[in-house]
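Let me give you the structure first, and then I'll get to my questions.
The numbers here are math on the coordinates, done by the rules we state, and not lab data. Worth saying up front: this structure is predicted, and the values here are computed from it rather than measured. As a convention, Cβ positions derive from the backbone with ideal geometry for all residues, glycine included, and neighbour counts pool all protein chains shown.
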Amino acid sequence: MNNRNIENFMKLVTCRTGPEDKESCEDQYYRRTYEKLSAGKTITWNWNAFLFSILWLFYRKMYLAAVLVPVLTIAYYATLLLLSSMFPTEHADGLFVTSVFIFYIFPWLLLGMLANWMYVRHVHKKIDKGYHLCELKNTDGLSAFISAFIPFLGLISGLIITISDKRKVKKAKRLANFKSA
């Protein structure tokens with residue numbers, strides 16, 4: 001059974017604390033974004049992802065991407081430095097500065113354009129695992145706040161939250177299977 005629908009998506013994305021609460025601006029934004037992406041659009045702009053890239057990824061619990069972005073960026077810069085030192089030319093400094101500028105901005109532009117698509121895919125994976133079946137506390141901001149000051153500690157707190165959520169999901173799945181049987 002395919003549980004990937006707007007209702008299950010909004011259960012995991014919403015900021016509301018109860019059914020009587022109105023949708024916030026953020027909730028409406030993700031509802032519109034989900035509809036655009038469901039219609040086949042891949043590129044939508046997300047200012048928060050563009051401006052706060054790694055923190056936004058932590059906030060949205062996409063820890064692997066939050067770790068990979070800086071690692072790949074550093075690896076790219078190290079490769080550029082190595083190549084420019086191995087093959088010096090008269091224009092090497094200018095090329096290095098230009099390419100650093102372009103590829104410093106490029107990952108943030110790319111994340112700004114593809115972040116909503118990445119996030120919807122991330123939530124779909126959670127729906128497939130059954131996260132929509134249980135009530136989870138909104139702890140997104142905790143790991144993002146911690147990672148702003150101490151990145152490694154932010155990753156650890158994110159992993160702890162994820163493990164806790166997985167245990168709640170397993171319990172909700174058992175209850176759902178018990179009720180359906």
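May I ask you to sort MET62, MET113, MET86 by Cβ crowding, counting other Cβ atoms within 10 Å and putting the fewest first?
In order of increasing Cβ crowding within 10 Å: MET86, MET113, MET62.
Checking the table LYS125/LYS170; LYS61/LYS166; LYS36/LYS166; LYS41/LYS129; LYS41/LYS61; LYS61/LYS125 against a 21 Å threshold on Cα-Cα, which pairs fail?
Those over the limit are LYS36/LYS166; LYS41/LYS129; LYS41/LYS61.
Which ³J(HN,Hα) values in Hz, rounded to whole numbers, follow from the phi angles of the stretch 56-63 under the Karplus curve 6.51 cos²θ - 1.76 cosθ + 1.60, where θ = phi - 60° and Gly and Pro get x?
In residue order, the calculated couplings are 5, 4, 5, 4, 8, 6, 9, 5 Hz.
Step through the residues of the stretch 111-116 one at a time and calculate ³J(HN,Hα) from phi using the Karplus curve (6.51 cos²θ - 1.76 cosθ + 1.60, θ = phi - 60°), rounding each to whole Hz and writing x for Gly and Pro.
5, x, 7, 10, 4, 5
With a sphere of radius 14 Å drawn around the Cβ of SER38, what net charge do the other residues whose Cβ falls strictly inside it have (Lys, Arg +1; Asp, Glu -1)?
+4
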